[in-house]
Structure formats: structure tokens, C-alpha cells
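Written below as C-alpha cells is the structure these notes are about.
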Amino acid sequence: MINLTIDNQKVAIEEGSTILDAAQIVGAKIPTLCYLKEINVIGACRICMVEVQGARTFVPACVAPVAEGMVVRTNTPSVIKARKLVLELILSDHPMECLTCVRNQNCELQTLAEEFGISEIRFDGAKTEYPIDDSSPALIRDPRKCVLCRRCISVCTNVQTVQALAAENRGFDTLIAPAFNDKLADMECVQCGQCSLVCPTGAIVEKDDVDKVWAALADPKKHVLVQTAPATRVQLGEAVGAEPGSIFTGQMVAGLRRLGFDKVFDTDFTADLTILEEGNELLQRVTQGGTLPMITSCSPGWIKFCEHFYPDLLDHLSTCKSPQQMFGALAKTYYAKKEGVDPADIYSVSIMPCTAKKYECQRPEMFSSGYQDVDVVLTSRELGRMFKQAGLDCSNLPEEEYDAPLGISTGAGEIFGASGGVMEAALRTVYEVVTGQTLESVDFEVCRGLTGVKEATVQVGDLPVKVAITNGLGNARKVLDKIRAGEADYHFIEVMTCPGGCIGGGGSPIPTNTNIRLKRIDATYTEDERMVLRKSHENPAVTALYEEFLEKPLGHKSHKLLHTHYTPRGVNK
Amino acid sequence: MAECACNCGEDELTKQLDKIIDPYRGQPGGLIQVLTKSQELIGYLPKWVQVRIAEGLGVSLQEVYGVVTFYAFFSLIPRGRHKLSVCAGTACYVKGMKTLIKSLRDVIGVKPGQTTPDSRFTLEIVRCIGACGLAPAMIVDGKDVHGRIEPEQIPEILEQYA
């Protein structure tokens, strides 16, 4: 242990820790901007400067290691003066558009300016002028608002291993962008939006489609229906000011109804359906010698990642569409017919914790109903804004139930939102279907949690089923490289693009960090336990869907509506 | 998307480029050496070269481009036959480097970072070249140092470089 003094408080901490870590123990809050725990620790912005006795200059607390006998002062007048200077310099090249910025009141730079009482900027110099890149259906880059903290680069390069962004040029001309300032839409960016989740300002944000939804709701000819992704019910609370881990399922349904949606349905329903299609596909591959391991296909960022970086492994992907797109295809066919609505009049909205879903719904394969199957995707953040605009106080809304039939679901559908959830849901069904026996416990704890790569062998009848579960694309890469090398003997792999799974998706409320992810995961399994039905094959609405419409899993209609194909894309094209 | 004007498919230049890349294949650490040698070969680093290097070394194009644009030494545009490097170190700066640049611009018609349309000169600004006693100074083609330059001497100096 290293002993030091911070603001006259004695503190002991493990060797290798930083001054910032030590300060947290004694309750000294050191401001940070570029720092992002475990992801971006580079000491770039200098807002965390502190005074260390005997040091020649101020030192950045986020990267400076503690030393025995060190005497640190975090808040002397000269430290505060220096921090204000740093802030003023950053702000001198920042467009003062706070009132019209999507990150208004949820911006780390704005918060710092407020905390430090910045009332004027003494430096009136040149401003960086770069065009906004709104080429992507999911994300908007506005480099003018960038503070060059490099969090987006770190998360894209180290966590997701996509490397769509890098720092170009130097000094005042530094620009965080794809090479040759290419458009995000035209390169290997997978649209996962993790960059938008970590950006301290509004330099990378989701493309806001709220107005499209308001317009549809205002159109009396439109039959506007909505599906809500599993993770959204454990996120919406945060987006409207509640504590992380709050479950707002019934309130969200009530609120959506008050916004004027004609039907409030649930992606959990098609998550259950996915299990039946994907589970049968797995059994077919195992028994008929198909490509193994089979890999899940629910996560559109992962699909795009595989198309760009592992096009040789596309045969391993399940051909199942994601639950969102299965829902979209059924809403404008099965539901339209059942309800007697012209599919041309249906406007299908989905609420997702995800930016890549905005991209997915526009893919050319996603028109199997004869129309764009899902018309528009809103992230949890956008839905939060819509609720605020409408003056809906979620905490005080009475809980309501989803509409039938596309709103009926099980706990298995619900856990799709957390890393390991798709695998657990699949195991619950595959086990019972194959063995004909009832599971003693539906809880497959081995699937759960934030570990990057989880592996397990589950005995299903005579077959020991080997599975792997990854979250975060950097972890997916580890398993994919094993497949490439012929060293993977798994049957089934679940890949989720974002760390923690969809509950940590790029469209999640900001902030999203490890602690908050864990709370959302807990909430997800709490929801699962609250459900009467917890296995996808017990969903009565899914059974009815097969009886009335699809006939059987992997049948002709399923093939047409619920399955898809992929496009090898490569990189640097 | 290689925007190579020389039909690079199996072209001689590509073969030579691959010879530069080969010893570093799969080694991201060799990036700067490869870029340096590639620029020596081709004169500058167009997109197709950067893509080939990125794929050869196993790094992202973003990383390659980031390094290329960080160092003033690397160029994204074709260079002229002669490189005019005007020193912008402190001594040269105070002794009239700005006037020198303006005079050069008046004569050759391009700004720093640009190449004349006849590909004769590329004008660039460099950090201190260590010839402070000769300020304001300029190095041509990385070897000929011209010091205490007066604007009227410029045409005479440039005449030496066809």
C-alpha cells in the first residue's frame, strides 16, 4: 500500500493507483473531462490538474500514479485558476449552441462550465469549422462540438475494435474522423453508437427521428403502432430522471398510449419467436450437419461488423432476422390481416436501446412485407425526450399492459436485453423441446454477467451443448479468430455488439457505465422473475401465430418473412 | 477504391510498394518506416498506397491516415521536383520569415503546402533547422541551405533548380 496525503487527509491505496483513485477515497472530487474509467486514461484535457508538493508543475490526477509520502492539494486557488483557464480555452473554440444542442443539460462540458462559474471567455480566437456528417441513418458527427478528448476513438478502437475514428492532423487543426474525412455511412463504422454514449458533449449524437413519429401520430390516416425492445423498460426511467435500475414497463406502455399510439406492442414477443426459429435452426444444423458454431443475429452492429471484418464467417450467422425486424415483417402482414388494416396505412415505430437499429430498419433486405417493415426507430434517449415534450411524468403514470397479440411475451424474451440472455432463453427452450422434460430451474446463471467471453457446456439430453457468449465486439473478435483458426468447437455463440448487451446499447440513456449496466441487468432479471411464463415456447401468442399464419418454425412463410441473408463488405472499400 | 492513376493492379510501382511492406506484414509497429520508404518511392502517399499499407500491416486506414497527417514530413499530395523548406524557428520567424514566404509566393504563385502546377517546386514551412545565425533561412531539397535571404535574391536562388 502507498500512503499519501490529499487535502490534509491521510489515505492508503494500492501501488499503481492514480491520484484520482485516491482522491475518491477521501471524498475529494477532482473534475474530469477526457477521462473514462478503464477506457480512456490519457491525461489529455488537463482539467484534473492538482498540486503535488515538490512537483515542478501541476500534474493530471487521472494518469499520475500515487507515490509514498506524496502531498496532494486538489483545490488550491491556483489549481482552480488553472482549471478555469483550461475550460476557457476549450470553450473559446466551442460553438455556444447549448440551448439548441441535443445534449443540453446532459453535457459534461456544460456542467463543468457551470460548476466553475465561467461567465465570460477571455479568448476570442479562430474557431474550427468542419461540416456536419449526417450521412449515417444512426449517428451525426458535429466536429465543431468536439473537445478532442478521444473517448470515442478509445471505445471504437479498444472496446469495439472497429477503429472507425482516429485523430487527424495536429494542433488546432486536429479532427476526430474517419480517414480522408470519409462519411460514417460509407465505411466500416458499424453504427453501434458507443461513441455517442461516451462523448462528453454533442459531437457525436444519435440521429433524432422524434419529429417523424410526431408527424405520424398527427396523421389520422395512419395506424401507428409501436414495439419496445426488452432493454428499454429498464432504461426509460433514467431517460426521464429516475434512478438507474428502475423498471418502467407498465409506465412506458401507459405513456406510449397517451402519446397516441394505436397499439403498444412488445419486441419481447418476437424475441420469443426468434427463439423458436433460431432454436430450430440450431437443431437442424446440429442434426443435419450445417455450419457450426451458429452465431446469433439479433444485434445489427454485430451483423455489420461480421460483414466488414469477418465476411468469410457469414455462414455461421443464424439466418434469423432480429426480433425488431421479425416484428416489423409480421406487423404489416399477420397483424394487418388479422386486424383488417391496410399495411400501407401502418406506421411501425420501434423503441430501441440501439443506434444500429436505425441502420438495420433501412437495410434493403428489410422490406419483406412489401413495405419498409419498420418505419422508424427511436432510441431510449429519444423516447425520453418525447415523454418530456408531452409532459408525461413517468413516475406517476399508472402501469398498463401491452396490447395483444404482439404484446404477449415471456421472461425469456425479456432477458434478450442482457448479455447472455439470448443464450439463456434458447437453452430454456432447446432443453425442453429436445428432452421433453421440464427444466427444474430456468435460471442459467452461467450465461449472466458482464464477463467479456463466457463459455459453458450444457447437457441437453445426450448432447453436451458447448456455448460461448460475448459482449463488446472486441470480445467477439477473440471468439471469431478462434473459429477462423479452427480452434472453436462450440455449437452456439451469442454475440452482442455492446458491452453488457443491449442494456448498454449505443442508444441508452447517458451516462452508461459499468455500475449502471449492472443495475440494468439486475432489473432485467427481476422482470424475468416477475413473469408468469418464462420460456419462449410457452408463449400462447407465438403458438397462435404458428397455428394461424406461419404454420411451423423454418416453414415457407418464416423463410420469407423472418429470415434474411448477409452481404460481405470488407474494409477500406 | 484505389484511386491510382497508373493502373496499379499489377503495376511495377505496386510490386515495389509490396516489397517495402513485406518485411513488416502484420506488424503495426513498422508503420512509420513503411510510410517513409513508400513516400521515398512514390513521392507522396495517396489513398491507394495508404490502404495497401493498412492492409499489409494489419492496422486501420484511420490509424495510417492519422499518422500521415500528423507528421509534416508526409504528404498526401504530389511533391514538386524541388522542395523549398522555409524555416519557421524562432530566430527565422523574428528575422522576417513571413516576408520570405510572401516573396516566395509572389514568385512561384503557391502557398505553403502546395506544389506549383508545373511540378517544379513544393513550398513548405519547417521547424527550426539549426541555422539560426543565417536567419531567415531556407533549405532546398533537404540539403542546400540558403541564409539571410533578401526578397530580391529569390529569383536568383530559384534559377539553380530547374
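The values are calculated or read from the model by the stated rules, or taken from the named source; none is laboratory data. Note that the coordinates shown come from a computational prediction; the quantities given were computed from them, not determined experimentally. Cβ coordinates were reconstructed from backbone atoms using ideal geometry, including for glycine residues, and neighbour counts include every protein chain displayed.
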Residue list for region A:307-346, restricted to those being in contact with a strand residue (DSSP E or B) (Cβ under 8 Å, 6 or more places away or on another chain), in a loop (DSSP other than H, G, I, E, B) and closer than 21 Å to A:E281 by Cα:
A:S318, A:T319, A:K321
Considering residues that are in contact (Cβ under 8 Å) with a residue 40 or more places away in the chain and not in a helix (DSSP H, G or I), the number found within region A:471-488 is 3
Might you check whether a residue that is touching a helix residue (DSSP H, G or I) at 6+ places or on another chain (Cβ under 6 Å), surrounded by 15 or more Cβ atoms within 10 Å (Cβ to Cβ), touching a residue at least 40 places away in the same chain (Cβ under 8 Å) and not aliphatic (A, V, I, L, M) occurs anywhere in region B:91-111?
yes
Residues of region A:548-573 being touching a residue at least 40 places away in the same chain (Cβ under 8 Å) and of a type in the set (G, A, S), which ones?
A:S558, A:G570
Any chance region A:50-71 includes a residue that's part of a strand (DSSP E or B), touching an Asp or Glu at 6+ places or on another chain (Cβ under 6 Å) and not small (G, A, S)?
no
Scan (1) of a type in the set (A, V, I, L, M, F, W, C); (2) in contact with a Pro (Cβ under 8 Å, 6 or more places away or on another chain); (3) part of a strand (DSSP E or B) for the single condition A:L450 breaks and write down its number.
(3)
Only one residue in A:E399, A:E382 is assigned to a loop (DSSP other than H, G, I, E, B), of a type in the set (D, E), farther than 16 Å from A:S536 by Cβ and touching a residue at least 40 places away in the same chain (Cβ under 8 Å). Which one?
A:E399
For region A:424-438, give me the residue count where each residue is out of contact with any helix residue (DSSP H, G or I) (no Cβ under 6 Å at 6 or more places or on another chain) and either free of Cβ contacts under 8 Å to residues at least 24 places away in the same chain or not charged (D, E, K, R) (or both).
8
Inside region A:189-306, counting only strands (runs of 3 or more DSSP E) that do not spill past its ends, which hold 1 or more residues that are closer than 20 Å to A:R363 by Cβ and of a type outside the set (A, V, I, L, M)?
A:204-206, A:223-228
Would you mention how many residues in region A:531-568 are over 25 Å from the mean Cα position of the chain (by Cα) and either buried (at least 17 other Cβ atoms within 10 Å of the Cβ) or not polar (S, T, N, Q) (or both)?
26
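Just for region A:150-163: of the residues that are part of a loop (DSSP other than H, G, I, E, B) and out of contact with any strand residue (DSSP E or B) (no Cβ under 7 Å at 6 or more places or on another chain), which one is farthest from A:M496 (Cα to Cα)?
Among those residues, the one meeting the criterion is A:Q163.
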Among the listed residues B:Q16, B:Q33, B:Q62, which satisfies the condition of being in a helix (DSSP H, G or I), modelled with pLDDT of 95 or more and within 14 Å of another protein chain (Cβ to nearest Cβ)?
B:Q62
In this structure, is B:E3 modelled with pLDDT under 95, more than 21 Å from the chain's Cα centre (by Cα) and either part of a helix (DSSP H, G or I) or exposed (fewer than 15 other Cβ atoms within 10 Å of the Cβ) (or both)?
no
Kindly list, by first and then second residue, each pair from a residue in region A:501-519 that is on the phi > 0 side of the Ramachandran plot to a residue that is at pLDDT 95 or above and not aliphatic (A, V, I, L, M), limited to pairs with Cβ atoms under 7 Å and residues at least 6 apart or on different chains.
A:G501/A:G417; A:G501/A:S419; A:G501/A:G421; A:G501/A:N471
What's the number of the condition A:V571 fails, among (1) farther than 20 Å from A:D443 by Cβ; (2) under 18 Å from the mean Cα position of the chain (by Cα); (3) not polar (S, T, N, Q)?
(2)
From the list B:V68, B:V86, exactly one residue is surrounded by 19 or more Cβ atoms within 10 Å (Cβ to Cβ) and either within 14 Å of chain A (Cβ to nearest Cβ) or touching a Ser or Thr at 6+ places or on another chain (Cβ under 7 Å) (or both). Which is it?
B:V68
The listed residue being modelled with pLDDT under 95, among the aliphatic types (A, V, I, L, M) and surrounded by fewer than 16 Cβ atoms within 10 Å (Cβ to Cβ), out of B:I77, B:I129:
B:I77
Restricting to region A:82-133, what's the tally of residues that are under 25 Å from A:G384 (Cα atoms), acidic (D, E) and assigned to a loop (DSSP other than H, G, I, E, B)?
1
Being in contact (Cβ under 8 Å) with a residue 40 or more places away in the chain and either of a type in the set (S, T, N, Q) or in the same structural domain as A:L175 (by TED's automatic domain parsing) (or both) narrows it down to one of A:C107, A:C45, A:C62, so name that one.
A:C107
Quick check on region A:142-157. Is at least one of its residues of a type outside the set (F, W, Y), free of Cβ contacts under 8 Å to residues at least 12 places away in the same chain and within 12 Å of another protein chain (Cβ to nearest Cβ)?
yes
Scanning for something within 11 Å of another protein chain (Cβ to nearest Cβ), without any contact (Cβ under 8 Å) to a residue 40 or more places away in the chain and surrounded by fewer than 22 Cβ atoms within 10 Å (Cβ to Cβ), does region B:45-53 turn up at least one residue?
no
